[in-house]
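The values are calculated or read from the model by the stated rules, or taken from the named source; none is laboratory data. Predicted model only: the values in this text are computed from it and were never measured. For neighbour counting, all protein chains shown are included, and Cβ atoms are generated from backbone atoms with ideal geometry for every residue, glycine included.
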Amino acid sequence: MGGGELLVRVIICDDHKVFGHALAGVLESLGHEIVLIATRPDAAVAAALREPVDLIVMDLGFPNGDGLDGTAELNRMPSHPPVFVLTARTDPEVVSAAIRAGAAGVLTKQSELSQVIAALERVAAGETYVDAQLLRRALTPEPHQITEARRIAKYLTSREREVLERIVRGESTSRMSAEMGISVTTLRSHIHGVLSKLNVHSRLEAAAWALSHGIVDPPSADDRP
């Protein structure tokens, strides 16, 4: 996005009109198309059903509607666009709920604009993104949960372990497939195996699980795509 290399069609869903239009202006200045600035989650869902969309930026708090419900509904669509949650909320429960609802990215509105744009770029390209500080606050397992997680991790095959490490780094499907030298179909089979064994429903949830339980080390700046 920042360099105008990946031009995407975006729906912004935020009941604060000033914020929504300001973000839209920034994205349009970078060459992206704003399909809709919605003030209710149901309007965003309806628009995503009507026409092709590459990314949905979703707030969580609405006078009429719930951003978490909207995110979950979008993820039930057969070919759904990724949902990036951009919220003023920072409480751990909300962040955890956004991940469980299927958000591909989570960030607070207090973040620097450059960080927001970079995160949107990654999610639009098929990767995942969550602020590390938010993740640490949101997911602090009990000792017995860490022990159980380590037991579960032993059942991952070597390929599944590599896939999990790449998921934690936020790599896209195309990058993983190319660097691992396997087809997208085979890769998706490995991803399905990881999600099934960890009993999670999305890549971001898998990354959160692996990081919070100490199964995979946090990626360094050099490791990030």
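Remarks
- Residue pairs meeting the criteria (Cβ under 7 Å; at least 6 apart or on separate chains; first at negative phi, in the stretch 26-38; second of a type in the set (Asp, Glu)): ILE34/GLU28; VAL35/GLU51
- For the condition in contact (Cβ under 8 Å) with a residue 12 or more places away in the chain, part of a loop (DSSP other than H, G, I, E, B) and either under 17 Å from the mean Cα position of the chain (by Cα) or surrounded by 15 or more Cβ atoms within 10 Å (Cβ to Cβ) (or both), SER79 does not qualify.
- When the stretch 147-161 is filtered for residues that are farther than 16 Å from LEU211 by Cβ and either surrounded by 15 or more Cβ atoms within 10 Å (Cβ to Cβ) or touching a Lys or Arg at 6+ places or on another chain (Cβ under 7 Å) (or both), the ones remaining, listed by number, are TYR155, ARG159, GLU160.
- Residue tally, condition surrounded by fewer than 18 Cβ atoms within 10 Å (Cβ to Cβ) and either at pLDDT 85 or above or outside any loop (DSSP other than H, G, I, E, B) (or both), over the stretch 196-212: 3
- Matching residues, the stretch 48-75, being part of a loop (DSSP other than H, G, I, E, B) and either outside the structural domain of LEU23 (by TED's automatic domain parsing) or in contact (Cβ under 8 Å) with a residue 60 or more places away in the chain (or both): ASP54
- Selection within the stretch 162-185: residues that are under 22 Å from the mean Cα position of the chain (by Cα) and among the β-branched types (Val, Ile, Thr). The member of this set that is nearest to ILE215 (Cα to Cα) is VAL168.
- The single condition from (1) part of a loop (DSSP other than H, G, I, E, B); (2) at pLDDT below 85; (3) of a type in the set (A, V, I, L, M, F, W, C) that ILE215 fails is (2).
- Residues satisfying the stated conditions in the stretch 104-115, i.e. buried (at least 23 other Cβ atoms within 10 Å of the Cβ) and either over 12 Å from the mean Cα position of the chain (by Cα) or over 22 Å from GLU33 (Cβ atoms) (or both): VAL106
- Qualifying residue in the stretch 176-186 (condition: modelled with pLDDT under 90, of a type in the set (Gly, Ala, Ser) and either in contact with a strand residue (DSSP E or B) (Cβ under 6 Å, 6 or more places away or on another chain) or surrounded by 17 or more Cβ atoms within 10 Å (Cβ to Cβ) (or both)): no
- So GLU73, is it closer than 20 Å to ARG203 by Cβ and surrounded by fewer than 23 Cβ atoms within 10 Å (Cβ to Cβ): yes
- Of the residues making up the stretch 30-47, at least one is in contact with a Phe, Trp or Tyr (Cβ under 8 Å, 6 or more places away or on another chain) and not in a loop (DSSP other than H, G, I, E, B).
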